[in-house]
Amino acid sequence: MTAPPLVIWGGTGHARVIREALDAQSWNVVAVFDQKDIPSPFDDVPLFVGTDGFMHWMQTSATSQAIAACVAIGGTDGRSRLDTANFLHSQGLSLPTIVHPTGFVAATAIHGDGCHVLAQAAVCANVRLGRSVIINTAASVDHDCVIGDGVHVAPGAHVAGEVVIEECAFVGTGAVVLPRVHIGAGAIIGAGAVVTKDVPARVTVAGNPARPITVDN
Ligand SMILES: CC(C)(COP(=O)(O)OP(=O)(O)OC[C@H]1O[C@@H](n2cnc3c(N)ncnc32)[C@H](O)[C@@H]1OP(=O)(O)O)[C@@H](O)C(=O)NCCC(=O)NCCS
């Protein structure tokens, strides 16, 4: 049986990381798309530019199999990841959740479409992940957390039990979120922060204990 075809949207660092997990699950990566005209991150897969490139590829691709998609947009841009996932879904592509072979998802955890659980990451008992959530390398999300659509928990960050993280918030590399904290939609937790209190929507916090910081938007 031929490996199922899959396209990646986003041609930078996260694409290289997720490819490794895709290969381990025997997906056949057939195309990469990016908004910018950049070199393909892979020698064996062509890159096409933007929505026009995608539409042209869809019209000319010769496969009769159903095509899956993976959105490789990391960083703080959960909104773009979600919007792109919605677009690809509207074009008839499925968005499987990808779990690296060394990642752990508890049997009692549930997740939406298009999530990425990367190498050595752990999603523990009774966790609920929304759609297009990234639990990045060696990050952990402990019991009973509720993680909204488009959230990114960056490498090595640890989210303690019963935390709620709302849509498109970002938890930076190596940050720690203490039990039962509530993080609002679009909030940004700086790398290495220790979050001891609730964080309002769209606020950026950093430091130990984490406090709001002023950032240029
Ligand atoms: C919090 C963050 C998003 C702010 O980025 P930014 O908007 O570019 O902010 P700036 O770099 O201009 O920093 C603003 C101020 O906050 C401080 N600051 C920034 N990040 C900080 C952090 N993680 N911890 C403590 N202080 C921090 C800066 O020193 C600066 O202070 P100053 O005004 O006294 O000089 C960013 O620094 C960060 O931590 N990103 C996480 C990156 C990451 O984990 N990526 C993973 C990708 S997979």
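The values are calculated or read from the model by the stated rules, or taken from the named source; none is laboratory data. Not measured: the values here are computed from a predicted model. Glycine also receives a Cβ, built like all others from the backbone with ideal geometry; neighbour counts cover every protein chain displayed. Only protein heavy atoms, including side chains, enter the accessible area calculation; ligands, DNA and RNA are left aside. Shrake-Rupley method; radii C 1.70, N 1.55, O 1.52, S 1.80 Å.
Points worth noting:
- Burial ranking of peptide ranges 69-82, 31-44 (average Cβ count within 10 Å, highest at the top): 69-82, 31-44
- Counting only DSSP H runs of at least 4 residues, each contributing -39500 (n - 2.57), and dividing by the residue count of the chain, the helix-based mean residue ellipticity at 222 nm comes to -5000 deg cm²/dmol.
- Amide hydrogen neighbours beyond the local backbone of Ala206, cut-off 5 Å, H modeled: Gly190, Arg211, Ile213
- Extending 7 Å from the Cα toward the beta-carbon at both Met55 and Ala201 defines two label points whose distance is 3.3 nm.
- In plain terms, the chain from Asp37 to Arg180 could stretch by 47.2 nm, reckoned as 0.36 nm per residue minus the Cα-Cα distance.
- Rounded to the nearest 5, the antiparallel percentage of DSSP beta bridges internal to region 111-217 is 5%.
- Between Asn126 and Asn28, the modelled label-to-label distance comes to 4.4 nm, taking each label 7 Å out from Cα in the direction of the beta carbon.
- Approximating the spin labels as points 7 Å out from Cα along Cα→Cβ, the Arg79-to-Ala191 distance works out to 2.4 nm.
- Amide hydrogen proximity for Val105: with H placed 1.01 Å from N in the peptide plane, the residues at 5 or more positions away or on another chain lying under 5 Å are Val123.
- Shape index of the chain: Rg/Rh, with Rg the Cα radius of gyration and Rh the Kirkwood radius from the inverse mean 1/r over Cα pairs, equals 0.99.
- Here the contact order of region 98-212, divided by its residue count and restricted to Cα pairs under 8 Å and six or more residues apart, works out to 15 percent.
- Rg/Rh (Cα only; Kirkwood hydrodynamic radius) as it applies to region 124-217: 0.93
- Of the peptides 199-212, 129-142, the order by per-residue mean of other Cβ atoms within 10 Å, starting with the highest, comes out as 129-142, 199-212.
- Size-normalised alpha-carbon gyration radius of region 1-101, reference 2.2 N^0.38 Å: 0.99
- Using a Gaussian network model of the chain in which every pair of alpha carbons under 10 angstrom is joined by a spring, one finds that among Thr84, Thr108, Thr173 the greatest mean-square fluctuation is at Thr108.
- Whole-number accessible area per residue in Å² for region 98-212, which is evaluated in the context of all protein chains at 1.4 Å: 39
- Prolate/oblate/rounded call for region 116-164, Cα gyration tensor, a/c under 1.5 rounded: oblate
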